[in-house]
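Participant: Can you read through this structure? Questions will come right after.
The values are calculated or read from the model by the stated rules, or taken from the named source; none is laboratory data. What you are looking at is a predicted structure, and each value in this text was computed from that prediction instead of being measured. As a convention, Cβ positions derive from the backbone with ideal geometry for all residues, glycine included, and neighbour counts pool all protein chains shown.
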Amino acid sequence: MIRELFYTLPRNIVRVFWRRNLKWHAVAAIITLLLVTTGTDWRYFEATRPVSGYFWPAVRLGWFVPMIFPVALYVAGWLVMDRRVVCAAISMAQSVIIGLFVASFYKAFTGRPGPGHSLMPLMERSREFRFGFLRGGVFWGWPSSHTTIAFAMSMAIWSFYPGNKAVRTAALAYAFYIGIGVSMTIHWFSDFVAGAIIGTVIGTTVAGSFKKYLVG
């Protein structure tokens with residue numbers, strides 16, 4: 001079963017960009033354009049300064065949880081011989097890999113600096129994109145990797161537990177905490193929105209390809 005994590009990886013990367021899924025990438029870009037040009041990004045960033053300090057833990061959790069939780073969940077599922085848990089864990093792990101790849105791919109071409117990575121005034125900073133290749137690296141920018149991965153993970157496990165309100169609520173709460181947290185600290189609001197949309201596409205797509213292993 002674990003070999004399916006990498007065996008299905010190339011196919012699922014393609015599926016994330018295929019047909020109707022590609023439309024959601026376009027929606028993420030259009031919403032970003034609206035948020036940037038209307039000045040919503042910089043107004044949101046200024047308005048959240050009084051509470052932003054409470055959300056800095058999201059920056060660290062957004063990296064450590066994706067590295068640890070899928071592995072821990074897989075081990076737990078293997079120990080109790082629960083096929084659903086094992087499939088959910090592998091689905092989450094692949095969602096993390098694809099989420100990181102997709103977000104980094106976009107960042108390599110959009111080159112958007114974060115709120116604290118430019119000497120421009122805040123309003124001008126929020127509208128800055130450096131289109132090209134690797135003009136802004138792949139660690140900062142649009143969309144938010146933290147958010148993309150968080151939503152990809154959460155929607156993957158969401159798909160495996162349609163009747164479990166506790167699991168679904170916890171998954172969404174985690175995703176929104178990470179996304180909103182980074183939108184108040186190291187990212188712009190539109191980076192969060194785009195990451196949430198793209199991450200949801202990734203998580204549901206990957207989960208759909210792994211749910212078939214529950215049969216039999």
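Participant: Search the stretch 138-153 for residues being farther than 17 Å from Ser209 by Cβ and either part of a helix (DSSP H, G or I) or of a type in the set (A, V, I, L, M) (or both), and hand back the single one that is nearest to the chain's Cα centre (by Cα).
Facilitator: Among them, the one singled out is Thr148.
Participant: Given (1) crowded, with 24+ Cβ neighbours inside 10 Å; (2) closer than 16 Å to Ser104 by Cα, where does Gly179 come up short, assuming only one miss?
Facilitator: Here Gly179 meets the rest and fails (2).
Participant: I would also like to ask the following. Looking only at the stretch 20-46, count how many residues are more than 20 Å from the chain's Cα centre (by Cα) and charged (D, E, K, R).
Facilitator: 2
Participant: Then there's this: Taking the stretch 157-205 only, how many residues are farther than 26 Å from Ser126 by Cα and either more than 13 Å from the chain's Cα centre (by Cα) or not in a helix (DSSP H, G or I) (or both)?
Facilitator: 16
Participant: Scan the stretch 5-25 and report the pairs whose first residue is free of Cβ contacts under 8 Å to residues at least 24 places away in the same chain and whose second residue is surrounded by 15 or more Cβ atoms within 10 Å (Cβ to Cβ), with Cβ atoms within less than 8 Å and a gap of 6+ or a chain change.
Facilitator: From residues that are free of Cβ contacts under 8 Å to residues at least 24 places away in the same chain, the pairs are Phe17/His25.
Participant: Can you pull out every residue in the stretch 2-16 that is modelled with pLDDT of 85 or more and β-branched (Val, Ile, Thr)?
Facilitator: Listed by number, the residues that qualify are Thr8, Ile13, Val14, Val16.
Participant: Follow-up. Given the conditions (1) within 18 Å of the chain's Cα centre (by Cα); (2) surrounded by fewer than 15 Cβ atoms within 10 Å (Cβ to Cβ); (3) modelled with pLDDT of 95 or more, report the number of the one that Ala72 does not fulfil.
Facilitator: Failed condition: (1).
Participant: Here are the criteria: (1) in a loop (DSSP other than H, G, I, E, B); (2) buried (at least 16 other Cβ atoms within 10 Å of the Cβ); (3) in contact (Cβ under 8 Å) with a residue 60 or more places away in the chain; (4) not basic (Lys, Arg). Tell me which single one Gly116 does not satisfy.
Facilitator: It fails just one condition, (2).
Participant: Give Arg11, Arg15 a once-over and let me know the one that is in a helix (DSSP H, G or I), basic (Lys, Arg), within 19 Å of Met155 (Cβ to Cβ) and touching a helix residue (DSSP H, G or I) at 6+ places or on another chain (Cβ under 7 Å).
Facilitator: It is Arg15.
Participant: Quick check on Phe133: is it aromatic (Phe, Trp, Tyr) and either touching a Lys or Arg at 6+ places or on another chain (Cβ under 6 Å) or not in a loop (DSSP other than H, G, I, E, B) (or both)?
Facilitator: Against the criterion (aromatic (Phe, Trp, Tyr) and either touching a Lys or Arg at 6+ places or on another chain (Cβ under 6 Å) or not in a loop (DSSP other than H, G, I, E, B) (or both)), Phe133 does not qualify.
Participant: For Arg125, indicate whether it is closer than 23 Å to Tyr44 by Cα and either among the charged types (D, E, K, R) or surrounded by fewer than 20 Cβ atoms within 10 Å (Cβ to Cβ) (or both).
Facilitator: Yes; evaluated as a whole, the condition is true for this residue.
Participant: Right, Ile186: of a type in the set (Val, Ile, Thr), buried (at least 24 other Cβ atoms within 10 Å of the Cβ), out of contact with any strand residue (DSSP E or B) (no Cβ under 9 Å at 6 or more places or on another chain) and within 26 Å of Trp56 (Cβ to Cβ) or not?
Facilitator: No, not satisfied.
Participant: Further, regarding this structure: What is the one condition in (1) within 30 Å of Gly136 (Cβ to Cβ); (2) at pLDDT below 95 that Leu100 does not satisfy?
Facilitator: Here Leu100 meets the rest and fails (2).
Participant: Let me ask you something else. For the stretch 189-207, check the following and say yes or no: at least one residue is hydrophobic (A, V, I, L, M, F, W, C) and more than 16 Å from Gly99 (Cα to Cα).
Facilitator: Within the stretch 189-207, one or more residues are hydrophobic (A, V, I, L, M, F, W, C) and more than 16 Å from Gly99 (Cα to Cα).
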